[in-house]
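Single-structure report; data block below.
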Amino acid sequence: RSIKERISSDMTEKEVFKITKEEFHKIVSSHQTDYRIEIANGITLDYGKFVEVLENSGIDFKKQMADRNLDMRKAADVYRCILELAKQEGKTYSAILPYDETYKEGSVWKEARDLMRSMGLNDVFGVGPVYEHSYSQFFHEGPNDGIFTFVTSTDTGSRSIPGDDVPGITFSMQNTLQALGAMEAEVTNEIPRLAVRIEVAGEFTESIVNQLEKFFKEIDLE
């Protein structure tokens, strides 16, 4: 049943929010794939959609990892291979798309962008959901030249959106759902795009951001 079907007029705000959170987590879980690896505690790289698009083109991701002597148990190695394969497939730019504005000016994204440049990729950075109105049309309808890294959170937040059609939905939920929808649109495009997702369990904190910065720094290109 939909959220609206589960909610009745005699429910309290707290009861409505509980149902909305449950539905939100169901949607997030439905977008998780079998190709997931922990970057650090509370941070996961989900790259199943990337693997799926490549396999439809006849490219075996695990073999590509083995050929490069990279370790499937290390997130840094997996992400390095993702970027190398994107470059190999003719991608010219990498888009870093964190759907949280808390640390939008943080040095973590500078490290991510520096990594892309060191890989020989142009870098594009945009904080969602603002990105939806500026880059989205180009990403979806322009040349298939990019590799996308969506960064989302499972945090439900507490700031509800007044007057929204979905009772009890928060800005945090909306950010994540927009990211999931945008990524799905890219990978199921008439010409499928390459995309991965970094998933933060809970809210973006200084500790999480520091771990992400460390991750981008430690990717060994030698």
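Which links in Lys87/Lys217; Lys26/Lys63; Lys62/Lys91; Lys26/Lys214 stretch past 28 Å when you go from one Cα to the other?
Details: Lys87/Lys217 19 Å; Lys26/Lys63 33 Å; Lys62/Lys91 20 Å; Lys26/Lys214 30 Å.
Those over the limit are Lys26/Lys63; Lys26/Lys214.
Ignoring ligands and nucleic acids, what accessible area does Ser29 show with a 1.4 Å probe (Å², nearest 10)?
Surface open to solvent at Ser29 totals about 60 Å².
Could you work out the helix-only [θ] at 222 nm for the chain, with each DSSP H run of four or more residues adding -39,500 (n - 2.57) and the total divided by the number of residues, to the nearest 500 deg cm²/dmol?
Only helices count here, giving -14000 deg cm²/dmol.
Read through the labelled values (1) 89, 57, 32; (2) 79, 41, 30; (3) 61, 38, 32 and report the label of the one computed as Cα extents along the principal axes in Å from the structure.
Among (1) 89, 57, 32; (2) 79, 41, 30; (3) 61, 38, 32, the one derived from this structure is (3).
Using r as the Cβ-Cβ distance of Lys87 and Asn210, and R0 as 45 Å, what FRET efficiency do you calculate, to the nearest 0.05? Intermediate values should be presented prior to the final figure.
Details: r = 28 Å, r/R0 = 0.62.
For Lys87 and Asn210, the calculated efficiency is 0.95.
For Arg117 and His140, calculate 0.36 nm times their separation in residues minus their Cα-Cα distance, and state this gained length in nm to one decimal. Display every interim value, and only then the final one.
Details: separation 23, 0.36 × 23 = 8.28 nm, distance 2.24 nm.
Working it through step by step, the gained length comes to 6.0 nm.
How much FRET efficiency would the formula 1/(1 + (r/R0)^6) give for Asp220 and Ile27, where r is the Cβ-Cβ distance and R0 is 30 Å, rounded to 0.05? Provide the component values of the computation, followed by the final result.
Numbers: r = 35 Å, r/R0 = 1.18.
Here the calculated transfer efficiency is 0.25.
Under a cut-off of 15 Å between alpha-carbon atoms, report the aspartates and glutamates in cross-link reach of Lys74, not counting same-chain residues fewer than 8 places apart.
Candidates past the 8-residue exclusion: Glu38, Asp46, Glu218, Asp220.
Give the whole-number value, in cubic angstrom per residue, of the convex hull volume spanned by the C-alpha atoms of segment 29-113.
Values: hull volume 10.5 nm³, N = 85.
Once divided by residue count, the hull of segment 29-113 is 124 Å³.
Taking Cα atoms, how many degrees apart are the long axis of helix 171-187 and the longest axis of the chain, rounded to 10 and kept between 0 and 90?
40 degrees
Note the angle between two axes, namely the Cα long axis of helix 13-30 and the longest principal axis of the Cα atoms of the chain, as a number of degrees from 0 to 90, rounded to the nearest 10.
20 degrees
On C-alpha positions alone, give me the angle between the axis of helix 75-88 and the longest principal axis of the chain, in degrees, nearest 10.
Taking Cα atoms only, the helix is inclined about 70 degrees.
Rank His25, His31 by accessible area, highest first, at a 1.4 Å probe radius? Walk me through the numbers before you get to the answer.
Details: His25 80, His31 50 Å².
Output order, biggest surface exposure first: His25, His31.
In segment 169-212, which GluC sites (Glu not before Pro) fall in coil by DSSP and have 16 or fewer other Cβ atoms within 10 Å?
On the way: sites: Glu184, Glu186, Glu190, Glu199, Glu203, Glu206; in loops: Glu190, Glu203.
Of the GluC sites (Glu not before Pro), the ones in loops of segment 169-212 whose Cβ has at most 16 other Cβ atoms within 10 Å are Glu190, Glu203.
The values are calculated or read from the model by the stated rules, or taken from the named source; none is laboratory data. Treat the numbers as computed from the prediction; the structure is a model and nothing was measured. Here Cβ is always computed from backbone atoms with ideal geometry, including for glycine, and neighbour counts include all displayed protein chains. Just the protein is used for accessible areas: all its heavy atoms, side chains included, with ligands, DNA and RNA removed. Shrake-Rupley method; radii C 1.70, N 1.55, O 1.52, S 1.80 Å.
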